[in-house]
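Quick notes on the structure that follows.
The values are calculated or read from the model by the stated rules, or taken from the named source; none is laboratory data. What you see is a predicted model; the values in this text were computed from it and never measured. Cβ atoms come from the backbone with ideal geometry, glycine included; neighbour counts cover every protein chain shown. Surface accessibility is based on the protein's heavy atoms, side chains included, excluding ligands, DNA and RNA. Shrake-Rupley method; radii C 1.70, N 1.55, O 1.52, S 1.80 Å.
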Amino acid sequence: MIDRRTFTTALALGAAAAPLAPAAAAPLTPAAAAPARPAGPRTGFAALEQIRAGLLDIGYAEAGPAHGPVVVCLHGWPYDIHSFVDVAPLLADAGYRVIVPYLRGHGTTAFRSPATVRNAQQSAIALDVLALMDALKIHRAVLAGFDWGARTAGILAALWPERVKALVSVGGYLITDVAAQRNPLPPKAEHTWWYQYYFATDRGRAALENRQYRHDLARLVWAEVSPTWRFDDATFARTAAAFDNPDYAAVVVHNYRWRLGLADGERRYDRYEQLLADRPPVTVPTVTLDPALDPFLSATDGAAYRKYFTGPYEHRLLPGVGHNAPQEAPTAFAQAVVDADGR
């Protein structure tokens, strides 16, 4: 655990410290809760590493002291490790060893065998992260993520709590209930998920296999789900390079088709999916973050998923922030990691 005073000092050295958004019981005005950004834009990580872990050869960035407490930061779609390019140095300065892996189908992460099914069901991705921790000889870590990454971190916290010291989850409890996914949402909510249905078609898969179209599609999603984030061409290009992985289209298509019940999973994961279908609670210390401008959230008070977190818990609202919370509000995200670790 990192002392909060130490972390605040580290923030002061590299960024203006942001006021923390308190629990949902005491809402803040947008001005009082505006997240600070680190001084000076960062464009990348010092170096990337590769390691064999389970079915994959995983590419990952690392920052901070080698023997510090570990934080594993997990990205979503359509993003990559650069979502944490400002978060990682804040945590590293506070004494954490920060691991930021490319998920399967992204960046330099590759399947070790051409015969492995390009499967992206939720338990398969969670087991990738568990295999990475084993390969790096990390017994316990704080897990922090958004989108696919929040789902993956939540699964690990629910099924392997002995490996998870604390959790930071943007959007709360995102473990997929495949049976419930068969039920329609209100039309406005369905509209937000337009690309999910696009990927259910051969036309959508062909678009992902076309380099220009998959980049244009991702950029459109970025603009729609982060309406106030003024990213530039270079910022997008750094992440879009991760989409040129040869397995990207297959992995993304399978993820969304599986979630809708339109693609089969593999039998090797059945036992984990059966456990997840029971909606297991998360018992480890948790901070949930709801970005106020994230169109995927029907509400931002955390009430819809509060019952699934049975350990020490805090919910925070991120006013003025869209879906890519760690890149849009890195200081607030990093602070949530420190505070979850200290609960």
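Please tell me if Val287 is open to solvent by less than 20 Å² (accessible area, probe 1.4 Å), of a type in the set (Val, Ile, Thr) and within 15 Å of Gly76 (Cβ to Cβ). Considered against the rule, which asks whether it is open to solvent by less than 20 Å² (accessible area, probe 1.4 Å), of a type in the set (Val, Ile, Thr) and within 15 Å of Gly76 (Cβ to Cβ), Val287 comes out as no.
Answer yes or no: is there a residue in the stretch 145-163 that is among the basic types (Lys, Arg) and more than 20 Å from the chain's Cα centre (by Cα). Checking the stretch 145-163: not a single residue is among the basic types (Lys, Arg) and more than 20 Å from the chain's Cα centre (by Cα).
Residue check: Ala332 meets all listed conditions (1) assigned to a helix (DSSP H, G or I); (2) of a type outside the set (Asp, Glu); (3) open to solvent by 50 Å² or more (accessible area, probe 1.4 Å) but one, namely (3). Residues in the stretch 107-124 that are farther than 18 Å from Leu174 by Cβ and surrounded by 21 or more Cβ atoms within 10 Å (Cβ to Cβ): 3 in all. Being farther than 23 Å from Arg42 by Cβ, among the small types (Gly, Ala, Ser) and touching a Lys or Arg at 6+ places or on another chain (Cβ under 8 Å) holds for only one residue in Gly204, Gly171, Gly265, Gly261, and it is Gly261.
Please count how many residues of the stretch 251-272 are assigned to a helix (DSSP H, G or I) and buried (at least 16 other Cβ atoms within 10 Å of the Cβ). Show your work before the answer.
We begin by selecting, within the stretch 251-272, every residue assigned to a helix (DSSP H, G or I); these are 251-259, 267-272.
From what is left, the residues that are buried (at least 16 other Cβ atoms within 10 Å of the Cβ) are 251-259, 269, 272.
Residues that pass the stated criteria total 11.
Pairing residues of the stretch 68-86 that are over 18 Å from Thr286 (Cβ atoms) and open to solvent by 10 Å² or more (accessible area, probe 1.4 Å) with residues that are of a type in the set (S, T, N, Q) and modelled with pLDDT of 95 or more, at Cβ distances under 6 Å and at least 6 apart in sequence or on separate chains, gives His82/Thr239.
Just to be sure, is Gln196 at pLDDT 95 or above, open to solvent by less than 70 Å² (accessible area, probe 1.4 Å) and assigned to a helix (DSSP H, G or I)? Can you show your working first?
Working: at pLDDT 95 or above: yes; open to solvent by less than 70 Å² (accessible area, probe 1.4 Å): yes; assigned to a helix (DSSP H, G or I): yes.
Yes: the conditions hold for Gln196.
For the stretch 60-91, name all the residues that are closer than 19 Å to Lys137 by Cα and either of a type in the set (A, V, I, L, M) or at pLDDT below 95 (or both). Answer for the stretch 60-91, where residues must be closer than 19 Å to Lys137 by Cα and either of a type in the set (A, V, I, L, M) or at pLDDT below 95 (or both): Ala61, Ala63, Ala66, Val70, Val71, Val72, Leu74. Of the candidates Leu275, Leu293, the single residue that is open to solvent by 30 Å² or more (accessible area, probe 1.4 Å), modelled with pLDDT of 95 or more and out of contact with any Gly (no Cβ under 6 Å at 6 or more places or on another chain) is Leu275.
Is there a residue being closer than 25 Å to Val70 by Cα and in a helix (DSSP H, G or I) anywhere in the stretch 306-313? Checking the stretch 306-313: at least one residue is closer than 25 Å to Val70 by Cα and in a helix (DSSP H, G or I). Pairs linking a residue in the stretch 181-201 that is touching a residue at least 24 places away in the same chain (Cβ under 8 Å) to a residue that is open to solvent by 70 Å² or more (accessible area, probe 1.4 Å) and of a type in the set (S, T, N, Q), with Cβ atoms under 8 Å and 6 or more positions apart or on different chains, are Ala189/Ser298.
Of all residues in the stretch 92-102, those being open to solvent by 10 Å² or more (accessible area, probe 1.4 Å), of a type outside the set (Lys, Arg) and free of Cβ contacts under 8 Å to residues at least 60 places away in the same chain number 1.
For the stretch 235-253, the set of residues classified as in contact with a helix residue (DSSP H, G or I) (Cβ under 8 Å, 6 or more places away or on another chain) and hydrophobic (A, V, I, L, M, F, W, C) consists of Phe236, Ala240, Ala242, Phe243, Ala249, Val252, Val253, listed by residue number. Of the set (1) free of Cβ contacts under 8 Å to residues at least 60 places away in the same chain; (2) over 24 Å from Thr43 (Cα atoms); (3) crowded, with 24+ Cβ neighbours inside 10 Å; (4) not hydrophobic (A, V, I, L, M, F, W, C), all apply to Gly154 but (1).
Only residues that are among the charged types (D, E, K, R), open to solvent by 60 Å² or more (accessible area, probe 1.4 Å) and in contact (Cβ under 8 Å) with a residue 12 or more places away in the chain: list them for the stretch 210-250, please. Matches in the stretch 210-250: Arg211, Arg219, Glu224, Arg238. In the set Leu127, Leu167, Leu136, Leu174, only one residue is in contact with a helix residue (DSSP H, G or I) (Cβ under 7 Å, 6 or more places away or on another chain) and open to solvent by 20 Å² or more (accessible area, probe 1.4 Å); that residue is Leu174.
Taking the criterion of being charged (D, E, K, R) and out of contact with any His (no Cβ under 8 Å at 6 or more places or on another chain), the residues of the stretch 281-322 that qualify are Lys307, Glu314, Arg316.
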